[in-house]
Every structure is written in C-alpha cells, then in structure tokens.
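Contents: one structure, followed by commentary.
The values are calculated or read from the model by the stated rules, or taken from the named source; none is laboratory data. None of these values were measured; they are calculated from a predicted model. Don't worry about glycine lacking a Cβ; one is built from the backbone with ideal geometry, like all the others, and counts go over all protein chains shown.
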Amino acid sequence: VTELNIAQALNRALDTALDSDERVLLLGEDIGRTGGVFRITDGLHEKYGPDRVYDTPVAESGIVGAAFGLAIAGMRPVAELQFMGFSYPAYDQIINHVARIRNRSNHRFTAPLVIRIPFGGGIGAAEHHSESAEAIYAHIPGLKVVVASTPHDAKGLLLAAIEDPDPVVFLEPIRLYRAVKEDVPDIYYTTTIGEVRVEREGEDITLISWGAMMKETRAAATMIEQEGGSVEVLDLQTLSPLDADGIVESVSKTGRAIVIHEAPRTGGLGGEVAAIIQERCLFSLLGPVHRITGPDTIFPLKRSEGHYLPSVEQIVKTAMRALEE
Amino acid sequence: MYSLISPDGSVSDRLPLTLQQMKGLYADMLEARTYDRKSNAMQKQGRLATYASFEGQEAAQIGAAAALEPSDWVAGTYRDAALMWRAGYPWKHLVAGRTGDERGGQPPQGVNVLPPSITVGGHMIHAVGLAWAEKLKGSSRVALTSFGDGATSEGDFHEAMNFAAVFSTPTIFFCQNNGFAISYPRHEQTKSESISMKADAYGMPGEQVDGVTYRMGPHTTSDDPARYREESDGDMWRERDPLLRVRKLFQNAGEWSEEWEAEMEARATERIEQAVSEAEALPVPRREEMFDRMYAEITDPLRRQLDGEM
C-alpha cells in the first residue's frame, strides 16, 4: 500500500490500466506533456508515450466523438474534459451517440469508454469552472455516472469504469483532489459500480451525499455524534444506476434521512433520492426527508462561494431538528 | 471537377474498371433505386416511418462503397442506404430500421457499417475514431464517413476534419452535395467556391468529383419541394440521371440490351421484395427487449421498472 490523495490515486489507476491493458489509451486537452490541468495524468505521457497518451486539439465534442469511434473499434479510451462547464459542447456526442449506440444497434456495437470530468466548486475558480451538473448526466439512459470521495475508491472506481462494457461518466470532486489521504493498495482492484458505500454505521439518522460534499457530511456526522446522535453516512458513489436498495436498507433502519448535495436544488438528485425513500420506506419514516443543497443560482464567483455551498453547521442543525421528530 | 462520363455517355478519361465490372455496379444502382422506390411506396401505404430518398445519388453511393474493402468502416446518414447496402448492410436490416425496429440497427458480425446517424453531422468524428483504432491495431482498414452539403456547416465537421488531419487517421470524408439541405440551397450554405476546397484548410487533400448527385425527391416523405425549388430544376437533373448516363455508355459500347436490363430489374425486385417480407415478418419486439438493450447487463432500477415496481 501507499498513502495517496485522490489525485494521486487516480493517476495510479490510469497507470495501472495503461500497464495492464494495451487497448487503454488516454486523450484530452493538455493531458500529455503537462499532465493535465489538475496533473491527474502526470508522468503517463513520458512513461507510455504519445501513442497511448494523446494531447488533443481544443475540441470537447471531437474528443468524445473520437473516443466513441475508438471504443467501437475495440479500444478502451479514457477521455478527459477539463472542467464540467466545458463538457457541454460534448453533450450532443454523449447523449445522442455514446449513450445510444448499444440500443441503436441492439448490442451489435458498444462504446466502452470513460469520460473523466472534474466537477464542483469551492476553489475560487473562474466562471464555468465550479459546475455540479451531475443530474443532467444521471438523467440520460445508457450512461453510468460515478463519483468517488476517497482515494481508495477513486482508484477502484476508475479501474471499474475502464473495465465496464458500457460508457461511464467519471466525475472527480475538484475540492477533494488533495484534501484527503489514505492507504491505497498498489495492486489492481475494482470498486463495484452500482452500490452505495456505507461509510459510517449508525442507528438514528442517515446522511446521504457524494463527491465533495462528503467532506462537510463527514464533519457534520462527527459533530452530531458528539451531541449524542447515532449517524449512518452513505456515500452514493454511483449516481446512475442508483442503488435504491442500499438507500432503502439504511433509511428503513434509521427512520430519518438528509440528502446533501452541492448542485442546485430543483431537479437535483436529492429529489430522486427523497422520492425513492418515500416510495419504499414511508412507514419507517419518523419525519420528512430533508434536502440540503445549493440554491437555484449560478455558482457564484470566489467572494460569494460561502453564500452558496452547504455548510457543516447547516447539516448539523437540520439533523438535530430531525432527531427531535 | 473530375468528371468521367458525360451526359451523352462519352468518356473523358481511361475507365478504371472493365465494362463487365461497370455492369455489376450498374445492376447495383438499379437494385438501390428499386429499394428507394419501394420504400417511398411503402411509406405512402403507412408501412414505413418517414423515409429519406436518395434517388439521383445512386452512382455516388454505390461507387464510394465499391472502392472499400469488405471490412472497412462506414459511418453514414439516413440518406445512405445504397452506400450502406453496397458495403454489406443487408436490405432486410435497412427496411427493418425504417419500419421502426431497433433490430434493423444490428447488421451481421463482420459488417463494419454503423447504423445510420439521424442527427446531422455528429457522426463524422466517429469515422476518425474508428480509423484511428485501426491504425493503432496496425490493420489496413479505413473508415469512410458520408454526409451532405448541409452537414459541412455543423461545428462537428470542423472538429472531425481537424482531428483526422492532426492524428493522420485513414478517414475518407465523402460529401454528397445534392444541392439542398431540406430547403436551403448549397449556394447559401457556404460561400466557399467548392466544398472540397475546405480540405485545404485542414491540410488534407480534397477532390471534387462529378457524382451526378442531385436529390431528385424531397428531403423526406414529410416535405414538399415545390415550396423551395422550381420543378424545372428537377426536370433538368432528371435528364442527367446517373443511371441513364451509364446506360448510354453501355449503349455506345454495344454492351446493353433491354433483356439484360429487364433481367437485372427483375432480380432487384425479387431481392427487395424478399427483404421487405423478412423485415415485416419480424415479430413485434417484446417489452423487455427495450430494457435489455440499454446496458450489457440490465441495471437494478431498470429491472424494477421492467417488473412494474417502479
């Protein structure tokens, strides 16, 4: 094992994939010589050469469309889009082609590719660099959408995504890239796509989150426990297909749930999670399912970020109120 | 513009094919036209969804496909049935697709022709990725993408041409300039003198060829060309029908007879009727098929929705 942060774990996953499967190749803007804007592909261009790790012209639709063709013809491309706000030019390729070819050809042609997209705010970035639009990907049939919040699962999920026979949108929480470290196995391993991860077991309330907001959720869980509440924390990890059984199992036990996400409230995945809970755990519920989310505003620039992102205090306050229900 | 056969059937250059080979391609054009006319008729009878005719473009499509090897890749559009068929995609599957059946998108193994792209322009870059993969595998396969004059205005055209040149992928960009993008004429689509000259800007060779491409019919069965073009335009081009032109060449060479043409037409009709019967005989897809073809393995949410548990 080696102690790694998420950025390093992702780098090791790509290294492992390139090393173990010659069909794997990486393409994206500035991912070669400079190792990518977040240095996730650092050193891989040098190690595997320009025929495995490609710097591409600045064209997101082209990157995804070319990766799609490469995948149909037998390669395992991993495309990087620099920020979620820059993924929108590729959205046509992703929805109209990548997500549909298996259906359109009745399994004859498939697109086993991975689209890596750093997402989320809290780093004081320029406009378009702080988007949390995971719901617009999770809404599209034919895609899988995953996001890890720990170094261990970042590596395992990325390797699982590359192995997966279907296209995977792999979201990376920018704010957590270098925020957490843990021991990560050096060997090849995968984390199952489609299962929630129970990060902490508890009896009184379930906190459900994913991506960067797991940081605030963890801190809040510790504070709530100090106040005497027993908290279960779920990291969804797979946003599509959602592990409804995993959510239902936890909330049936605790009877209370709060969904926490950074994305705007309306149409966010919190609504979907709340709907699953009320459909399948209504008689276990001791109170309403709460949502703590970003507001329906454009993600603000640096000086107003604090007004936007859900806080540890908000989660604790909501949980303490819920525990009275 | 490179033009080999004049409207009167005279030849301006050495023929790259034997007359016997050309007669084979002519029979293929006849078969494609038979399919096209049958499809239009079936659409009027309510047996097909919207249909996009390629009448007038048979020479371009059959000729392009004839230049490919059997396992080369093809990424075309809803108006490329003749091209797709000549590249190996069975008529039965083409008919099935137009009857509204996803199984029509599933050509046999070994046929590397993608089901037609319905959105305009997004598929050109796929031929770049396909060719790129073949280059990496060290195979000699190429990828051909077919599109119309209208698609060259899409941003995706630029990205595809640029990627193909930058990564030197063995990709052929085959534009069938048929004069109209639904109702919008070619001379308003771009101020470039020719479409082939756009290749220069990407650092790749471009060639303008007289494919006698003119969309003789409407854009699809759901529009009315009388609203945007003079009918005499159509009449003028009808005189330059690619089939008539090649037939004149055969006649000039004393290589054509009514009996032979009738025999080829009968063979074409028989094959198309057979394909139509087979496609229409496919049973209505079962409900679970819609769920089963979303992923390699059905997901839990889809399983619940299939079982009606939502």
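General remarks:
- Filter pass, residue B:130 being in a helix (DSSP H, G or I), more than 8 Å from chain A (Cβ to nearest Cβ) and surrounded by 23 or more Cβ atoms within 10 Å (Cβ to Cβ): no
- Being crowded, with 23+ Cβ neighbours inside 10 Å and of a type in the set (Phe, Trp, Tyr) is a property that holds for residue A:119.
- Condition check for residue A:74: more than 9 Å from chain B (Cβ to nearest Cβ) and either modelled with pLDDT of 95 or more or farther than 25 Å from residue A:186 by Cα (or both): no
- Condition met for residue B:117 (under 25 Å from residue B:272 (Cα atoms), surrounded by 22 or more Cβ atoms within 10 Å (Cβ to Cβ) and in contact with a His (Cβ under 7 Å, 6 or more places away or on another chain)): yes
- Only residues that are more than 7 Å from every other protein chain (Cβ to nearest Cβ) and more than 24 Å from residue A:173 (Cα to Cα) were counted across region A:77-105, and they come to 2.
- Just one of (1) assigned to a helix (DSSP H, G or I); (2) at the interface with another protein chain (Cβ under 10 Å from one of its Cβ atoms) fails for residue A:51. It is (1).
- Tally of residues being in contact (Cβ under 8 Å) with a residue 40 or more places away in the chain and β-branched (Val, Ile, Thr) across region A:21-64: 5
- Looking across region B:73-89, the residues that are within 14 Å of another protein chain (Cβ to nearest Cβ) and of a type in the set (Gly, Ala, Ser) come down to B:75, B:76, B:88.
- Residue B:306 being in contact with an Asp or Glu (Cβ under 9 Å, 6 or more places away or on another chain), farther than 23 Å from residue B:44 by Cβ, modelled with pLDDT of 95 or more and of a type outside the set (Phe, Trp, Tyr): yes
- Just one residue in the set A:312, A:289, A:316 is within 22 Å of residue A:218 (Cα to Cα), out of contact with any Lys or Arg (no Cβ under 6 Å at 6 or more places or on another chain) and surrounded by fewer than 20 Cβ atoms within 10 Å (Cβ to Cβ); that residue is A:312.
- Count of region A:197-224 residues which are part of a strand (DSSP E or B), within 14 Å of residue A:236 (Cα to Cα) and not small (Gly, Ala, Ser): 7
- Looking across region A:263-286, just one residue is of a type in the set (D, E, K, R) and exposed (fewer than 13 other Cβ atoms within 10 Å of the Cβ), and that is A:279.
- When we screen B:80, B:72 for residues that are among the acidic types (Asp, Glu), touching a strand residue (DSSP E or B) at 6+ places or on another chain (Cβ under 6 Å) and under 23 Å from residue A:65 (Cα atoms), the only hit is B:80.
- Looking across region A:141-165 at every residue that is part of a helix (DSSP H, G or I) and not hydrophobic (A, V, I, L, M, F, W, C), the one that is surrounded by the most Cβ atoms within 10 Å (Cβ to Cβ) is identified as A:155.
- Looking across A:68, A:119, A:83, one residue alone is hydrophobic (A, V, I, L, M, F, W, C), closer than 18 Å to residue A:176 by Cβ and touching a His at 6+ places or on another chain (Cβ under 7 Å). It is A:83.
- Residue match in region A:118-133 (condition: within 14 Å of another protein chain (Cβ to nearest Cβ) and modelled with pLDDT of 95 or more): no
- Cross-chain or 6+ apart pairs with Cβ under 7 Å, region A:211-233 first and surrounded by 15 or more Cβ atoms within 10 Å (Cβ to Cβ), then modelled with pLDDT under 95: A:212/A:122
- Selected residue (criterion: nearest to residue B:91 (Cα to Cα)) from residues of region B:269-310 that are of a type in the set (Gly, Ala, Ser) and surrounded by fewer than 17 Cβ atoms within 10 Å (Cβ to Cβ): B:277
- Lone qualifier among A:151, A:112 - being touching an Asp or Glu at 6+ places or on another chain (Cβ under 7 Å) and under 19 Å from residue A:79 (Cβ atoms): A:112
- Candidates are the residues of region B:134-153 that are in a loop (DSSP other than H, G, I, E, B) and within 12 Å of chain A (Cβ to nearest Cβ); the one that is farthest from the chain's Cα centre (by Cα) is B:138.
- Which listed residue is touching a strand residue (DSSP E or B) at 6+ places or on another chain (Cβ under 8 Å), at the interface with chain B (Cβ under 9 Å from one of its Cβ atoms) and either closer than 28 Å to residue B:140 by Cβ or at pLDDT below 95 (or both), from A:32, A:69, A:65: A:69
- Top-ranked residue in region B:154-185 [being part of a helix (DSSP H, G or I) and in contact with a strand residue (DSSP E or B) (Cβ under 8 Å, 6 or more places away or on another chain); ranked as surrounded by the fewest Cβ atoms within 10 Å (Cβ to Cβ)]: B:157
- Residue within region B:12-26 that is surrounded by 23 or more Cβ atoms within 10 Å (Cβ to Cβ), in contact with a helix residue (DSSP H, G or I) (Cβ under 7 Å, 6 or more places away or on another chain) and either among the hydrophobic types (A, V, I, L, M, F, W, C) or within 14 Å of another protein chain (Cβ to nearest Cβ) (or both) present: no
- The helices (runs of 4 or more DSSP H) falling completely within region B:56-103 that include 3 or more residues that are within 20 Å of residue B:171 (Cα to Cα) map to B:58-66, B:81-86.
- The set of residues from region B:162-180 being of a type outside the set (Val, Ile, Thr), on the phi < 0 side of the Ramachandran plot and free of Cβ contacts under 8 Å to residues at least 60 places away in the same chain comprises B:162, B:163, B:164, B:165, B:167, B:170, B:173, B:175, B:177, B:180.
- Answer residue from region A:225-259, given it is part of a helix (DSSP H, G or I) and away from chain B (no Cβ under 14 Å) and is farthest from the chain's Cα centre (by Cα) among those: A:226
- Selection from region A:194-229 of residues that are in contact with a helix residue (DSSP H, G or I) (Cβ under 8 Å, 6 or more places away or on another chain) and of a type in the set (S, T, N, Q): A:206, A:209, A:217
- All conditions but one from (1) surrounded by fewer than 19 Cβ atoms within 10 Å (Cβ to Cβ); (2) assigned to a loop (DSSP other than H, G, I, E, B) apply to residue A:96; the one that does not is (2).
- Restricting region B:98-127 to residues that are small (Gly, Ala, Ser) and touching a Phe, Trp or Tyr at 6+ places or on another chain (Cβ under 7 Å) leaves a set whose member that is nearest to the other protein chains (Cβ to nearest Cβ) is B:127.
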